[in-house]
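Trainee: Quick one: the structure is below, and I'll ask about it shortly.
The values are calculated or read from the model by the stated rules, or taken from the named source; none is laboratory data. No experiment lies behind these values; they were computed from the predicted model shown. Glycine also receives a Cβ, built like all others from the backbone with ideal geometry; neighbour counts cover every protein chain displayed.
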Amino acid sequence: MRRIISVLLENEPGALSRVVGLFSQRNYNIETLTVAPTEDETLSRLTVTTSGSDRVIEQITKQLNKLVEVVKLVDLTEGPHIERELMLVKLKATGSQRAEIKRTVDIFRGQIVDVTSSVYTVQLAGDSDKLDGFIQAIGTSGVLEVVRSGVSGIARGEKVLSL
Amino acid sequence: MELLSGADMLIRSLQDEGIEYIYGYPGGAALHIYDALFRQDKVKHILVRHEQAAVHMADGYARASGQPGTVLVTSGPGATNTITGIATAFMDSIPMVVLCGQVASTLIGEDAFQETDMIGVSRPVVKHNLSVRHPSEIPEIIRKAYYIASTGRPGPVVVDIPKDMTAPNERFEYAYPKKVKLRSYNPAIRGHAGQIKKAVDMMLAARRPIIYAGGGVILGKASGQLTELVRKLGFPVTNTLMGIGCYPASDKQHLGWLGMHGTYEANMAMHHSDLILAVGARFDDRVTNATEKFCPGARIIHIDIDPASISKTIDADVPIVGPVDAVLKEMLALVKESKEKPDAEALSSWWKQIDEWRAFHGMRYETSPDVIKPQEVVEMLCRLTNGDAFVTSDVGQHQMFAAQYYKFDKPNRWINSGGLGTMGFGLPAAMGVKLNYPDDEVLCITGEGSIQMNIQELSTCNQYNLPVKIINLNNQSLGMVRQWQDMNYESRHSHSYMESLPDFIKLAEAYGHVGVRIDRKEDLEPKLKEVLAMKDKLVFVDIQVDRFEHVYPMQVARGCMKDMWLSKTERV
């Protein structure tokens, strides 16, 4: 089952490599990984999406917690949560395609952020399924380039991951 | 406040940490540190002949004393040569600090001479590693390193020290921190009271209980509490290879050690138990055999300081995260005050069953009128040293024979590489023990394959006068490899025999030691007595043992705990 694990990590050189190394060393799967500093500059927030049996997920969270630089972590998928991913996609846009793409972008509540005579660059945010859905709707033949940020997530309601 | 250079701060920090010996090898990036070492006399340095041996020496000391060992090496090859030693310590959770020189910070990343990314290279085999980025950080980093290495589940910590951090001309205020606090590292200091209560209720209700104790009991200095609890409950106890000595082997409640080469009675009792109390053990694959067939009728209580060890391979019914000594103490208090008592009738029929298994004598081996059996060598050594020596071993058949036939009544006396299985561990580990326990007998039981992996340390032994006794069970082959080839590859002995072995007697003599060869059975006892009487000499005893012996019992691959070969022909 797919899980989103959110980690507060000491913002130290080498800390990220320990997290990434742990996944490859123990044969765990990383689907997406995002990391950036938080409002507290001593901390980074890292979100990793992974999949595995309950036993594997339990080991992943325990092994992550064992890393000295991991301060706290939460498996967001255990409760209600919001997940978002940002995608920038470059599309071939000529002739009648241009209007069709614009309509599809509107339906998906995306924005065209750059335009040339033959190319649209579209920005789209949402959960991973929505981004997949957009690519499917456009059709892969028109897609020139895709860049996705990987998933960021946060729990719904009062629950916070902080010190 | 005192002003010191980075190198002087480093050595002062070791002094303030109470470090007596460090083991190492100098080189360019560590020379400022070596100069600081030279200018003081509190911290003594032992010069090895290969950095791997420095780590095993520190490791041997740590296993014998329960205190962290310390290593100092240079950058590049000096650092990478420590990796096998660090991985050995990591797999067995041994506290250790490894100080590595590094090229100057201005050169890092430029493929400088003797540059290796030691932080990256060591990452998968350390508990943690730290890099010095400013000389003034050194005291705090050293305190952190020892703190992390020796608390919680212990392990090796590497400190990477670029050469410019130890430059003699820059001085900084020195103060050694008494304490360090890490917001992200807080090992458990006690177990969950509710879980402990639940566990004790289960223990008192059990009909066929068994206590399965691991190396964590020794690392957690909890042998006393374990022994008291076992005696109070009257339960049978077995331990892992790493747990040898955590409960006295000569005690009647002890079933020997369990697993792949464990005793018949320990493996049978595990398989048929209805409750397993696992204490500081991690259900390693050399213990469980096929996990899906593991102890089908048993519920499991698992005490461990490391939550990741719990339910990793075998699901625990009652997990208890905490230091074993504190948890066992609480358990004992609960058992004492509980109105419930263990079911005497059930226990007595359980013991009757266990005694039947014992009477089966699963550990018997055939003796021969003229060929020396490795098992009898170990039995004789145990008798001649009153079972009270420190015994280190390498890896292979001799290791199993040593563990099976030397009966340890005390913890910290059996010293071997259980997790990583590092050939070449035995001699340097023995040296580390002997240096720190000069009045104790230290035996290194080894084989002609393993001993050659760190044989150069005979030179170090000469320099520092380390009179260990090397017992080379020489079967002229890589015995355990050959055993597997006999059992699984129709005796195709692919690269498992050793042609052109050196003359170990001359070799020992060349290094300034005494060599004794034993190849006749009638010489075994008198010569071993002579060897043990040479208190101040390192003696290399080369014993020609049965070349075709196998280690038994041996669990049948992919079977359950109770499926064992008891000899080449007998399977249960």
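Trainee: Within the stretch B:159-185, which residues are within 36 Å of the chain's Cα centre (by Cα) and aliphatic (A, V, I, L, M)?
Mentor: Hits for the stretch B:159-185 are B:V159, B:I161, B:M165, B:A175, B:V180, B:L182.
Trainee: Here's another thing I want to ask about it. Could you please let me know if B:I218 is in contact (Cβ under 8 Å) with a residue 60 or more places away in the chain, surrounded by 23 or more Cβ atoms within 10 Å (Cβ to Cβ), more than 14 Å from B:G152 (Cα to Cα) and within 29 Å of the chain's Cα centre (by Cα)? I'd like the intermediate steps shown before the answer.
Mentor: Working: in contact (Cβ under 8 Å) with a residue 60 or more places away in the chain: yes; surrounded by 23 or more Cβ atoms within 10 Å (Cβ to Cβ): yes; more than 14 Å from B:G152 (Cα to Cα): no; within 29 Å of the chain's Cα centre (by Cα): yes.
So B:I218 does not fit the description; no.
Trainee: Which numbered condition trips up B:D304, out of (1) more than 14 Å from chain A (Cβ to nearest Cβ); (2) of a type in the set (D, E, K, R); (3) crowded, with 23+ Cβ neighbours inside 10 Å?
Mentor: Here B:D304 clears every test but (1).
Trainee: Looking only at the stretch B:514-545, which residues are buried (at least 20 other Cβ atoms within 10 Å of the Cβ) and in a loop (DSSP other than H, G, I, E, B)?
Mentor: Residue satisfying the conditions is B:L538 alone.
Trainee: Here's a check for you: in the stretch B:36-86, which residue that is of a type in the set (D, E) and part of a helix (DSSP H, G or I) is surrounded by the most Cβ atoms within 10 Å (Cβ to Cβ)?
Mentor: Start the filter on the stretch B:36-86 by keeping residues that are of a type in the set (D, E), which leaves B:41, B:51, B:59.
This time we only want the ones that are part of a helix (DSSP H, G or I), so: B:51, B:59.
Working: B:E51: 27, B:D59: 31.
For the stretch B:36-86, the residue satisfying everything is B:D59.
Trainee: Among the numbered criteria (1) surrounded by fewer than 22 Cβ atoms within 10 Å (Cβ to Cβ); (2) within 18 Å of A:K62 (Cβ to Cβ); (3) more than 14 Å from chain A (Cβ to nearest Cβ), which single criterion is violated by B:I320?
Mentor: Only one criterion is unmet by B:I320, namely (1).
Trainee: In addition: Considering the stretch B:376-398 alone, what residues qualify as being without any contact (Cβ under 8 Å) to a residue 60 or more places away in the chain and either of a type in the set (S, T, Y) or in a helix (DSSP H, G or I) (or both)?
Mentor: B:E379, B:C382, B:R383, B:S393
Trainee: OK, next. Give me the pairs, please: first residue somewhere in the stretch B:245-258 and farther than 20 Å from B:H271 by Cα, second residue anywhere and among the hydroxyl-bearing types (S, T, Y), beta-carbon distance under 6 Å, and either six or more positions apart or on two chains.
Mentor: Between residues of the stretch B:245-258 that are farther than 20 Å from B:H271 by Cα and residues that are among the hydroxyl-bearing types (S, T, Y), the close pairs are B:C246/B:S223; B:Y247/B:T227.
Trainee: Follow-up question, since we're still on this one. Being at positive phi, within 14 Å of another protein chain (Cβ to nearest Cβ) and more than 17 Å from the chain's Cα centre (by Cα) narrows it down to one residue among B:G109, B:G120; which is it? So that I can check it myself, show each step before the final result.
Mentor: On the way: B:G120 fails: at positive phi.
Every option except B:G109 fails the conditions.
Trainee: Return yes or no: is A:L88 surrounded by fewer than 17 Cβ atoms within 10 Å (Cβ to Cβ) and in a strand (DSSP E or B)? Lay out the reasoning, then the answer.
Mentor: Values: surrounded by fewer than 17 Cβ atoms within 10 Å (Cβ to Cβ): yes; in a strand (DSSP E or B): yes.
So A:L88 fits the description; yes.
Trainee: May I ask you to verify whether A:G95 is modelled with pLDDT under 95, assigned to a loop (DSSP other than H, G, I, E, B) and not hydrophobic (A, V, I, L, M, F, W, C)? Write out each step before concluding.
Mentor: On the way: modelled with pLDDT under 95: yes; assigned to a loop (DSSP other than H, G, I, E, B): yes; not hydrophobic (A, V, I, L, M, F, W, C): yes.
In short, yes.
Trainee: Quick check: anything in the stretch B:3-12 surrounded by fewer than 20 Cβ atoms within 10 Å (Cβ to Cβ), over 26 Å from B:S459 (Cβ atoms), touching a strand residue (DSSP E or B) at 6+ places or on another chain (Cβ under 6 Å) and touching a residue at least 60 places away in the same chain (Cβ under 8 Å)? Give the steps one after another, and end with the answer.
Mentor: In the first step, residues of the stretch B:3-12 are kept if they are surrounded by fewer than 20 Cβ atoms within 10 Å (Cβ to Cβ); the result is B:3.
The next check asks that each one be over 26 Å from B:S459 (Cβ atoms); those that pass are B:3.
Restricting the remaining residues to those that are touching a strand residue (DSSP E or B) at 6+ places or on another chain (Cβ under 6 Å) gives B:3.
Restricting the remaining residues to those that are touching a residue at least 60 places away in the same chain (Cβ under 8 Å) gives B:3.
Yes, because at least one residue in the stretch B:3-12 is surrounded by fewer than 20 Cβ atoms within 10 Å (Cβ to Cβ), over 26 Å from B:S459 (Cβ atoms), touching a strand residue (DSSP E or B) at 6+ places or on another chain (Cβ under 6 Å) and touching a residue at least 60 places away in the same chain (Cβ under 8 Å).
Trainee: Just a yes or no: is a residue in the stretch B:140-153 of a type in the set (V, I, T), within 11 Å of chain A (Cβ to nearest Cβ) and either over 30 Å from B:V217 (Cβ atoms) or outside any loop (DSSP other than H, G, I, E, B) (or both)?
Mentor: So far as the stretch B:140-153 goes, yes, one or more of its residues are of a type in the set (V, I, T), within 11 Å of chain A (Cβ to nearest Cβ) and either over 30 Å from B:V217 (Cβ atoms) or outside any loop (DSSP other than H, G, I, E, B) (or both).
Trainee: Got a number for residues in the stretch A:101-131 being in a strand (DSSP E or B) and under 15 Å from A:S149 (Cα atoms)? Give the steps one after another, and end with the answer.
Mentor: So the first thing to find is which residues in the stretch A:101-131 are in a strand (DSSP E or B), and the list is A:111-115, A:119-126.
Next, only the ones that are under 15 Å from A:S149 (Cα atoms) stay: A:122-126.
Of the residues in the stretch A:101-131, 5 are in a strand (DSSP E or B) and under 15 Å from A:S149 (Cα atoms).
Trainee: Related question: Out of the residues in the stretch A:38-73 meeting the condition of being away from chain B (no Cβ under 13 Å) and among the acidic types (D, E), tell me which one is farthest from the chain's Cα centre (by Cα).
Mentor: Per the criteria, the residue is A:E41.
Trainee: Examine the stretch B:124-132 for a residue that is surrounded by fewer than 18 Cβ atoms within 10 Å (Cβ to Cβ), more than 10 Å from chain A (Cβ to nearest Cβ) and touching a residue at least 12 places away in the same chain (Cβ under 8 Å), and state whether such a residue exists. Before the answer, list the steps.
Mentor: From the stretch B:124-132, those surrounded by fewer than 18 Cβ atoms within 10 Å (Cβ to Cβ) are B:124; that's our starting set.
Applying the additional criterion that residues be more than 10 Å from chain A (Cβ to nearest Cβ) yields none.
No, the stretch B:124-132 has no match at all.
Trainee: Here is a further query. Only residues that are within 14 Å of chain B (Cβ to nearest Cβ), more than 20 Å from B:P124 (Cβ to Cβ) and assigned to a loop (DSSP other than H, G, I, E, B): list them for the stretch A:1-37, please. Explain how you work it out, then say what you get.
Mentor: Here is the first cut: in the stretch A:1-37, the residues within 14 Å of chain B (Cβ to nearest Cβ) are A:7-28.
From what is left, the residues that are more than 20 Å from B:P124 (Cβ to Cβ) are A:8, A:11.
Within the stretch A:1-37, A:N11 is the sole residue that qualifies.
Condition check ((1) touching a residue at least 12 places away in the same chain (Cβ under 8 Å); (2) more than 24 Å from the chain's Cα centre (by Cα); (3) under 19 Å from B:Q397 (Cβ atoms)) across all residues:
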site: B:V468; (1), (2), (3): yes, no, no
site: B:Q476; (1), (2), (3): yes, yes, yes
site: B:R517; (1), (2), (3): yes, yes, no
site: B:K535; (1), (2), (3): yes, yes, no
